[in-house]
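Reading through the structure tokens given below for one structure.
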Ligand SMILES: [Fe+2]
């Protein structure tokens, strides 16, 4: 798959989920580490990073928009502009989403677009999530669900994700899930989502320079083995490029539920037979 990796490096990938801002959340601990992450990302062929600090997660202080912009400027200057960084956030499922949605150019929007990176708790899926997704869409925000393959409930019942995608959400899987950094459950769930055409983005969700690194090409190569080169490229280039420019997501495969559940669905014909 080295031809794919080389071509990705030439065309430059876009990473829509990265904890690159120094001293902001549990990501980069210093400006120096953020710069090292920029260099690692650039060497991997990443041209643009969306800075996505945790927001409304009950643990970290949600940074103000201006703070995010100031820190991006600092990191880009210190790293010589080897990657472009644009503002965003990883937004925990919370009531604040609806307050923020009313603010033009709110910090929850990825690069000021209509897209938002939405994080669920890791052990569960919020009740009535289908209705909430509808309400978020109605508020003018399109949710991209962050790393559904790492959610225990979705691992057990992946059709939950299919339902949310059918209702208009998108799915972003973590590069580390495809390269087995998060254990077998996340790995197998991520593979199934790619095989089923239910993943729309692969992002690094990078936190540091030495672990959870900002590397996309290795995961893209795994995805290409499962779903083909065209789909893999779309998840790290065409789709995230469209997202940060507030365009429609160009590559949306028809979901294959059989590939997701690992079993053939009963047709009515088979039922009555
Ligand atoms: Fe994250």
Scanning segment 36-62 residue by residue, the ones that are free of Cβ contacts under 8 Å to residues at least 40 places away in the same chain, away from the ligand (no atom under 15 Å from the Cβ) and touching a strand residue (DSSP E or B) at 6+ places or on another chain (Cβ under 8 Å) total 1
How many of the residues in segment 200-215 are more than 13 Å from residue 29 (Cα to Cα) and more than 16 Å from the ligand (Cβ to nearest atom)?
1
Within segment 109-122, track down each residue that is in contact with a helix residue (DSSP H, G or I) (Cβ under 7 Å, 6 or more places away or on another chain), within 16 Å of the ligand (Cβ to nearest atom) and part of a loop (DSSP other than H, G, I, E, B).
122
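Against the condition away from the ligand (no atom under 16 Å from the Cβ), in a loop (DSSP other than H, G, I, E, B) and touching a residue at least 40 places away in the same chain (Cβ under 8 Å), how does residue 197 come out, does it pass? Break it down into steps so the answer makes sense when it comes.
Values: away from the ligand (no atom under 16 Å from the Cβ): yes; in a loop (DSSP other than H, G, I, E, B): yes; touching a residue at least 40 places away in the same chain (Cβ under 8 Å): yes.
So residue 197 fits the description; yes.
Can you tell which of 138, 128 is at positive phi, without any contact (Cβ under 8 Å) to a residue 40 or more places away in the chain, surrounded by fewer than 24 Cβ atoms within 10 Å (Cβ to Cβ) and out of contact with any helix residue (DSSP H, G or I) (no Cβ under 6 Å at 6 or more places or on another chain)?
Numbers: 138 fails: at positive phi.
The conditions single out 128.
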Among the residues of segment 217-231, are any surrounded by 24 or more Cβ atoms within 10 Å (Cβ to Cβ) and without any contact (Cβ under 8 Å) to a residue 60 or more places away in the chain?
yes
Only residues in segment 146-166 that are in contact (Cβ under 8 Å) with a residue 60 or more places away in the chain and closer than 19 Å to residue 180 by Cα count as the first member; pair them with residues that are assigned to a loop (DSSP other than H, G, I, E, B) and away from the ligand (no atom under 16 Å from the Cβ), Cβ under 8 angstrom, at least 6 apart or cross-chain, and list the lot.
158/196; 158/198
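Values in this text are rule-based calculations from the coordinates and carry no lab data. On a predicted model such as this, the values are computed, not experimentally measured, just so you know. We place every Cβ from the backbone using ideal geometry, glycine too, and count neighbours over all the protein chains shown.
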